[in-house]
Amino acid sequence: MIRLASVLYSIIGTSLAGSAVIAVLVMGYDTLWPILMAAAVGALVAAPISFMVAYKITHLTAPRSA
């Protein structure tokens, strides 16, 4: 599951970090520190989300015993 979560993190992390940076720029914070903080928060929030999505995928696609 860790391999699936890391693959998902590469997609989810960049999406959330990019969305957070765009949100910060739209709010008018266009200096270095708000942009870096938004990217860091997006990357940190993406880690547990990646694990939750990987957990759901592995448990929904697991073969069921009869």
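Does Y55 satisfy being among the aromatic types (F, W, Y) and either open to solvent by less than 50 Å² (accessible area, probe 1.4 Å) or outside any helix (DSSP H, G or I) (or both)?
Working: among the aromatic types (F, W, Y): yes; either open to solvent by less than 50 Å² (accessible area, probe 1.4 Å) or outside any helix (DSSP H, G or I) (or both): no.
It is false that Y55 is among the aromatic types (F, W, Y) and either open to solvent by less than 50 Å² (accessible area, probe 1.4 Å) or outside any helix (DSSP H, G or I) (or both).
Only one residue in S6, S10, S50, S15 is small (G, A, S) and either touching a Lys or Arg at 6+ places or on another chain (Cβ under 6 Å) or surrounded by 15 or more Cβ atoms within 10 Å (Cβ to Cβ) (or both), so which one is that? Show your work before the answer.
Working: S6 fails: either touching a Lys or Arg at 6+ places or on another chain (Cβ under 6 Å) or surrounded by 15 or more Cβ atoms within 10 Å (Cβ to Cβ) (or both); S10 fails: either touching a Lys or Arg at 6+ places or on another chain (Cβ under 6 Å) or surrounded by 15 or more Cβ atoms within 10 Å (Cβ to Cβ) (or both); S15 fails: either touching a Lys or Arg at 6+ places or on another chain (Cβ under 6 Å) or surrounded by 15 or more Cβ atoms within 10 Å (Cβ to Cβ) (or both).
None of the other options fit; the residue is S50.
Would a scan of the stretch 24-31 turn up a residue that is in contact (Cβ under 8 Å) with a residue 24 or more places away in the chain, surrounded by 15 or more Cβ atoms within 10 Å (Cβ to Cβ) and touching a helix residue (DSSP H, G or I) at 6+ places or on another chain (Cβ under 8 Å)? Can you show your working first?
Step one: list which residues in the stretch 24-31 are in contact (Cβ under 8 Å) with a residue 24 or more places away in the chain, which gives none.
The answer is no; no qualifying residue exists.
Every residue in the stretch 32-47 that is open to solvent by 100 Å² or more (accessible area, probe 1.4 Å) and either under 28 Å from R3 (Cβ atoms) or at pLDDT below 95 (or both), please. Talk me through it step by step, then tell me what you get.
From the stretch 32-47, those open to solvent by 100 Å² or more (accessible area, probe 1.4 Å) are 32-33, 37, 44; that's our starting set.
Residue satisfying the conditions is L44 alone.
The values are calculated or read from the model by the stated rules, or taken from the named source; none is laboratory data. Bear in mind the structure is a predicted one, so any value in this text is a computation, not a measurement. Cβ: placed from backbone, ideal geometry, glycine included. Neighbour counts: every protein chain shown. Accessible surface areas use protein heavy atoms only, side chains included; no ligands, DNA or RNA. Shrake-Rupley method; radii C 1.70, N 1.55, O 1.52, S 1.80 Å.
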